Each structure stands twice: as C-alpha cells, then as structure tokens.
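Remarks on the structure that follows.
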Amino acid sequence: MPLSRRSFLAGALAAPALATAGGALAGCAGTVVRPGDLSRLRLMAPASPGGGWDTTARVFQRVVQTSGLARNVQVFNVEGAGGTIGLGQLSRETDDALLMMMGLVMVGAVDTNDSATRLTDVTPIARLIGETELIVAPADAPYSDIQGFVEVWAADPAGTPIAGGSAGGTDQILAGLLAQAAGIDPGQVNYIAYSGGGESLAALLGNQVAAGISGTADYGEQVRTGDLVGLAVSTAERSDQVPDVPTLVESGFDVEVSNWRGLMARPGMSDQAREDLTALVVDVHDSEEWTEAVAANGWEDLLLTGDEYGRFLAEEEQRVLAILREIGLVQ
C-alpha cells in the first residue's frame, strides 16, 4: 500500500465498524452507573497533565460546566504507554458516565506497546478535533525550508536526528510518511522520542537535533518569535497559528496528517447510554463556548459520531499499522 498522500481525515469508509452500541466485550461485573441526566461526568485523560489529551479534556470539561450541560465534571489522568494503560482501565469500567479522551497517537500505541486491550474492546463515541503538525528546525540550521532539510536528511538519514513525541505516535508517523515521500527509507529515520513537547523543544533550542515535529501549540510561539524556523505544516491548509509556514503539499511532498482527538466509552453499554453520551458531545460541539475554544487553540473542527466514527477508527487502525510496519516499529 503506497504511503504518499495519506490523509487521516477520511470519513465513513468501507471498513468494519469497531465497537457498536453493545461494545465488543461484555460489561464488567458489578453495579453499572447509568448517566441519566448526566448531572455528573468523569473524563479520563490517559496521559500526563499538560499534554494534548489533557488540555482537550479540560477544555471539554469547562464547556460542559459553563454551558450547564452537567453540574459536576471530573477530569483525571491515567498515564503510560501512549494511552493504552488508560484504555485497559476503560475496558474494565462499569460507569456509563465516563468518557476517555484519545486520538491518533493511541491508534499506533496499541500495536507498538502490544496492548492487551484494543480499540475494538471499547465503545466509540465521537471524533472531536484535529491539530496541525508543525515541522521545525533550530534557528541557525543550514536550511530554512522543508526542501533544504530533506536534501540534508536524504544525504545522511542516520546523522540527521528528528525530535518528536512518543514512539509510534503522530510525530513519528509523519516522519515516516515524509521520508517515504522524499525517497528515504523510513526504517533509516533517526527519530528521537521525547515524553512531551517541552523536552523536544529544549533539544531543538539546544541544537541537539536537526529538526522537530509536534503540534502547533508546542512549537508555534517559538516560530513566531524566530527562536525556531518553521519548515512545513502537515495539513491540507496552512495553520492560522503559523500562517507563513507552507504546507507539505504546496512544498512538493504529497503528505497530509491531522493529529485528531476523540472520545471513547466503556464496553457493553446500552444503546440508550451511548446515545446519551453522544448527545452530550454534540451539545458541547454546538455551543458557542466550544466554537470559541476550537478557534483559540487553533484546532480543526472534525466532529464525527456513531457508526461513522467506528468505521473511521477501523480504517485508521489499518493505515497506521501499515505505516508502523514500514518504519519498523511493528513486525
């Protein structure tokens, strides 16, 4: 399967849905808590505080509360293994008033971490937003555009380290796609995984790496101040956060990636419980507060719910697995 022009924004595709309203697993034993009027809600961010999933979860929390959609919303963190620790916890939950934030990173982490729990083991609720990936270089790098970087990279892939987030995540997926589009063996990419945008930013500012890949929220400010050079963004359109940075496509590389985020719920829930949670998410999406938050954070509005979201996830699993095999992270 060719790796060029990989858009991770496909809608409903001809692939089997992941989990349906009944979920892929039977519910866990114990008392099931039904959401009812959703006067209380728990929201899991399966990563450390301050990251993309945590930030999106807390924005969602704020909008739910300020819109009066629920009186009590608790966000809690479950760290580890690209979100798969939280995914495993969700698969054992019995509470219908619980949502887990997740995204493209988790799709890859399931395979790179050999997770016992897969996305098919929980219930898809909605895709929410996407975030543009930004490729940058140190301010004094000997190249100022993506073509110049790729020329240096192609000459010595092993000697051209690229900083990014967790192994197998969106940043490394983008590095592999760009390598393939540039005629570089993805297996030769010298990708250095950092636990967060702050650590990779320090490596860039300290000239320890040749380039970095992360969201516009992590590197955008440094590009605007001139501390880093913006080489390219990953989405079809330029980002409002760094409008002077061209897209990969307009720079001659047929690659598009959006770091999307969405919500999942426990397995085995009833049709009504799933509909209640989906309706809540749609209400949040339709609120003025959410629209303002999406604009303020430079996100793309990518709402997709129900079985269409399940089919989207199934297609993403197939696409990401193929890429990770090309990179050499999965056999």
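Here are the numbers for this structure:
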item: Residue satisfying condition, being more than 15 Å from the chain's Cα centre (by Cα) and over 17 Å from residue 56 (Cβ atoms), within set 316, 275, 292; result: 275
item: Test: residue in region 86-97 that is under 23 Å from residue 326 (Cβ atoms) and among the β-branched types (Val, Ile, Thr); result: no
item: Residues located in region 247-272, provided they are open to solvent by 10 Å² or more (accessible area, probe 1.4 Å) and more than 28 Å from residue 91 (Cα to Cα); result: 249, 250, 251, 252, 253, 254, 256
item: Sole exception among (1) open to solvent by less than 20 Å² (accessible area, probe 1.4 Å); (2) assigned to a loop (DSSP other than H, G, I, E, B); (3) touching a Pro at 6+ places or on another chain (Cβ under 9 Å) for residue 208, by number; result: (1)
item: Residue list for region 46-66, restricted to those being in contact (Cβ under 8 Å) with a residue 40 or more places away in the chain and outside any helix (DSSP H, G or I); result: 46, 48, 50, 51
item: Residues of region 224-276 that turn out to be among the hydrophobic types (A, V, I, L, M, F, W, C) and closer than 22 Å to residue 317 by Cβ, as a count; result: 7
item: Pick from region 158-188, criterion open to solvent by less than 30 Å² (accessible area, probe 1.4 Å) and more than 24 Å from the chain's Cα centre (by Cα), ranking: modelled with the highest pLDDT; result: 160
item: Candidates 296, 232, 217, filtered to the one that is at pLDDT 95 or above and hydrophobic (A, V, I, L, M, F, W, C); result: 232
item: Matching option when the condition is under 24 Å from residue 53 (Cβ atoms) and either crowded, with 18+ Cβ neighbours inside 10 Å or of a type outside the set (D, E, K, R) (or both), among 242, 152, 229; result: 242
item: Subset tally (residues that are among the hydroxyl-bearing types (Ser, Thr, Tyr) and open to solvent by 20 Å² or more (accessible area, probe 1.4 Å)) for region 216-226; result: 1
item: Answer residue from region 203-241, given it is free of Cβ contacts under 8 Å to residues at least 40 places away in the same chain and over 22 Å from the mean Cα position of the chain (by Cα) and is nearest to residue 252 (Cα to Cα) among those; result: 224
item: Pairs with Cβ under 8 Å, 6+ apart, first in region 152-176 and closer than 17 Å to residue 233 by Cβ, second assigned to a strand (DSSP E or B) and charged (D, E, K, R); result: 170/133; 171/133; 174/133
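Quick grid of which residues meet (1) under 22 Å from residue 310 (Cα atoms); (2) in contact with a helix residue (DSSP H, G or I) (Cβ under 9 Å, 6 or more places away or on another chain); (3) loosely packed, with under 15 Cβ neighbours inside 10 Å; (4) at pLDDT 85 or above:
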residue: 23; (1), (2), (3), (4): yes, yes, no, no
residue: 29; (1), (2), (3), (4): no, no, yes, no
residue: 39; (1), (2), (3), (4): no, no, yes, no
residue: 43; (1), (2), (3), (4): yes, yes, no, yes
residue: 47; (1), (2), (3), (4): no, yes, no, yes
residue: 65; (1), (2), (3), (4): no, no, no, yes
residue: 68; (1), (2), (3), (4): no, no, yes, yes
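The values are calculated or read from the model by the stated rules, or taken from the named source; none is laboratory data. The model shown is predicted, which means the values in this text are computed figures rather than measured ones. A quick note on method: Cβ atoms are made from the backbone with ideal geometry, for glycine too, and the neighbour counts reach across all protein chains shown. Side chains are part of the model used for accessible areas, which takes the heavy atoms of the whole protein and leaves out ligands, DNA and RNA. Shrake-Rupley method; radii C 1.70, N 1.55, O 1.52, S 1.80 Å.
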